[in-house]
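Before I ask anything, here is the structure I am working with.
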Amino acid sequence: MKKSSFIAMTLWTISGVLFAIGMCMALITEWNAFNAGIILGAAGIVLAIITFLAWRWMENKAPIKVSGKTIGAILLGIAGALALGVGMCFSMVWGRMAIGIVIGLIGIILLLMLIPLIRGIED
């Protein structure tokens, strides 16, 4: 394993844990730690961004070019993840199984559309 990959993996793990704990602190009302949770979650996001930039620098990768395709892929990923999450909420939290499955499947289809959009289709 390359040193840059190990460092990136370690920092990604730390940032993910910070974000997850922060969101738990903010969303579990029994903990009474909303403000501290938001700060910890934001710290996790900032560390993730720094990790991404540092990893690209260590790997000597070119800067990301912002294009319509990049923005479209990001928006499609966000829409797919939100649809999948809303479908899960309908099924597991609100007890509306049928509509939850339909919305969840729409989210999965949107996420699967990312593969040909980013990688392309080859013969």
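The values are calculated or read from the model by the stated rules, or taken from the named source; none is laboratory data. Keep in mind that what you see is a predicted model, and the values were worked out from it rather than measured. Note that each Cβ is placed from the backbone with ideal geometry, even for glycine, and that neighbours are counted across all protein chains shown.
Can you go through I45, I49, I39 and tell me which one is modelled with pLDDT of 90 or more, hydrophobic (A, V, I, L, M, F, W, C), over 27 Å from I115 (Cβ atoms) and within 19 Å of the chain's Cα centre (by Cα)? Even if it seems obvious, please write down each step before you answer.
Details: I45 fails: over 27 Å from I115 (Cβ atoms); I49 fails: over 27 Å from I115 (Cβ atoms).
It is I39.
Among the residues that make up segment 6-22, is at least one of them under 28 Å from I99 (Cβ atoms) and at pLDDT below 90?
No, because not a single residue in segment 6-22 is under 28 Å from I99 (Cβ atoms) and at pLDDT below 90.
Okay, moving on. Suppose the filter is of a type outside the set (A, V, I, L, M), outside the structural domain of A20 (by TED's automatic domain parsing), surrounded by 13 or more Cβ atoms within 10 Å (Cβ to Cβ) and assigned to a helix (DSSP H, G or I); does G44 pass it? Explain how you work it out, then say what you get.
Details: of a type outside the set (A, V, I, L, M): yes; outside the structural domain of A20 (by TED's automatic domain parsing): no; surrounded by 13 or more Cβ atoms within 10 Å (Cβ to Cβ): yes; assigned to a helix (DSSP H, G or I): yes.
No, not satisfied.
Return yes or no: is F34 of a type in the set (F, W, Y), more than 29 Å from M1 (Cα to Cα) and surrounded by fewer than 15 Cβ atoms within 10 Å (Cβ to Cβ)? Give the derivation first.
Numbers: of a type in the set (F, W, Y): yes; more than 29 Å from M1 (Cα to Cα): yes; surrounded by fewer than 15 Cβ atoms within 10 Å (Cβ to Cβ): yes.
The answer is yes for F34.
Of a type in the set (G, A, S), out of contact with any helix residue (DSSP H, G or I) (no Cβ under 7 Å at 6 or more places or on another chain) and at pLDDT below 90: does that describe A62?
yes
Same structure, new question: Which of the residues belonging to segment 60-113 are more than 30 Å from K3 (Cβ to Cβ) and either assigned to a loop (DSSP other than H, G, I, E, B) or in contact with a Pro (Cβ under 8 Å, 6 or more places away or on another chain) (or both)? If you could, list the steps in order and put the result at the bottom.
Let us first name the residues in segment 60-113 that are more than 30 Å from K3 (Cβ to Cβ), namely 67-69, 71-72, 75-76, 78-113.
Within segment 60-113, S67, V93, W94, G95, R96, M113 qualify.
Among the residues of segment 68-113, write down those that are among the charged types (D, E, K, R) and loosely packed, with under 13 Cβ neighbours inside 10 Å.
K69
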